[in-house]
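Readers should treat all values here as calculations from the given coordinates under stated rules, not as data from a laboratory. These numbers come from a predicted model, not from an experiment. Ideal geometry is used to build each Cβ from the backbone, glycine not excepted, and the neighbour counts take in all protein chains shown.
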Amino acid sequence: MARRIAHLDMDAFYASVELLRYPELRGQAVVIGGGSAHQPRLLADGSRQFSRLRDYAGRGVVTTSTYEARALGVFSAMGMMKAAALAPDAVLLPTDFDSYRRYSRLFKAAVAGIAPHIEDRGIDEIYIDLSELPDDTRELALRIKAAVREHTGLSCSIGIAPNKLLAKICSDLEKPDGLTVVSLDDVPARIWPLAVRKVNGIGPKATARLAELGIATVGQVAAADPALLREHFGLNYATWLGRVSRGLDERAVVTSSEPKSISRETTFERDLHARHDREALSEIFTRLCMRLGEDLARKRYVGRTVGIKLRYSDFRTVTRDVTLPAPTADGAAIRRAAGECLRRVPLELKLRLLGVRVSALSGMDEAAPAKTATQGDLFSDL
């Protein structure tokens with residue numbers, strides 16, 4: 001049976017969720033990534049006053065943006081101050097991950113009602129194996145798109161192809177609200193003219209090295225001398241480049257998988273010092289640990305290994321972890337174990353990022369209750 005693999009990608013997902021809440025912002029440049037201080041204010045006349053990007057001060061990054069903001073050069077992961085220089089009049093909204101997760105569950109449930117063979121790839125994208133369904137490919141995709149809109153009020157873009165590689169490329173070709181169906185016969189006309197960065201797995205470094213060789217498009221990779229690619233990329237990656245440039249990919253849609261770890265982290269608006277900002281750091285650390293415990297409980301996992309991640313003001317990153325005698329999902333126990341890890345790292349420099357992770361996971365129903373000793377308050381002896 002010929003494979004039919006779909007990649008569904010929600011359109012500007014976080015921004016689109018916010019536009020459901022604030023429909024008066026439709027058609028405007030909107031950037032998501034602010035904090036609680038950027039929450040819209042409700043005025044006496046019932047209208048809202050929104051923050052503007054030009055008033056932002058800090059070192060945050062853009063979480064996402066509307067297509068109107070992207071037209072001005074503002075994209076996800078861009079520094080907020082750089083974004084403010086490009087689009088000072090753009091509306092700035094705080095992130096609301098609880099809402100995004102809720103809409104993520106809604107759209108995935110809507111798809112599962114039509115095509116249950118789903119590989120979850122994150123909060124806003126999934127792969128769907130349509131191979132065993134009898135319906136016409138395009139009609140099936142339209143039904144899925146209609147179900148997503150009915151259940152969420154949001155649009156999505158779908159690419160359908162014989163494999164995951166091509167499906168992911170194609171879901172981006174006609175955004176927003178796109179539908180693209182390709183076969184292997186379409187690769188020369190539809191895929192080869194694309195820039196190499198459009199292929200998932202060809203990152204910025206590989207793109208730059210290919211450019212040095214005069215290779216800018218997928219078709220040029222396909223036409224390149226294999227020996228040249230091996231010389232500059234090694235055997236394994238060169239072989240992979242040759243295959244993906246021809247649209248070949250045998251990976252299966254994996255409908256179930258167990259996570260290796262679950263984590264929470266935050267980047268501070270300003271660098272914090274372990275001694276001078278002890279109270280603020282302790283509060284942030286406690287909140288991370290408690291919410292991580294809630295994440296584990298909601299997903300019905302417990303873990304035996306608790307770790308921390310610190311990034312200093314000079315951008316160096318360190319990690320430490322400790323293994324508990326029994327697995328836990330208790331936020332207080334995670335906090336105590338994370339505190340032990342914290343005492344094993346130097347804290348003379350200011351911190352810009354703090355994270356907590358629980359790994360060595362097992363199902364909550366399989367594990368015995370944890371027994372952990374109590375510890376003092378974090379940062380109390382610094």
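Things to note:
- Ile191 without any contact (Cβ under 8 Å) to a residue 40 or more places away in the chain and buried (at least 20 other Cβ atoms within 10 Å of the Cβ): no
- Counted residues, the stretch 244-287 - those being surrounded by 16 or more Cβ atoms within 10 Å (Cβ to Cβ), among the β-branched types (Val, Ile, Thr) and either free of Cβ contacts under 8 Å to residues at least 24 places away in the same chain or closer than 29 Å to Ala161 by Cβ (or both): 2
- Of the helices (runs of 4 or more DSSP H) lying entirely inside the stretch 2-105, those carrying at least 2 residues that are surrounded by 15 or more Cβ atoms within 10 Å (Cβ to Cβ) and touching a strand residue (DSSP E or B) at 6+ places or on another chain (Cβ under 7 Å) are 13-21, 80-86.
- Residues being touching a Gly at 6+ places or on another chain (Cβ under 7 Å) and in a strand (DSSP E or B) - total across the stretch 285-307: 1
- Only one entry in Glu231, Glu174, Glu250 is over 30 Å from Leu106 (Cβ atoms) and not in a helix (DSSP H, G or I), namely Glu250.
- Single residue of the stretch 120-144 satisfying the filter (part of a loop (DSSP other than H, G, I, E, B) and of a type outside the set (A, V, I, L, M)) that is surrounded by the most Cβ atoms within 10 Å (Cβ to Cβ): Asp124
- Residue in the stretch 206-223 that is among the charged types (D, E, K, R), surrounded by fewer than 17 Cβ atoms within 10 Å (Cβ to Cβ) and touching a residue at least 12 places away in the same chain (Cβ under 8 Å) present: yes
- Scanning the stretch 1-57 for residues that are in contact with a Pro (Cβ under 6 Å, 6 or more places away or on another chain) and closer than 16 Å to Ser155 by Cα gives a single hit, Asp11.
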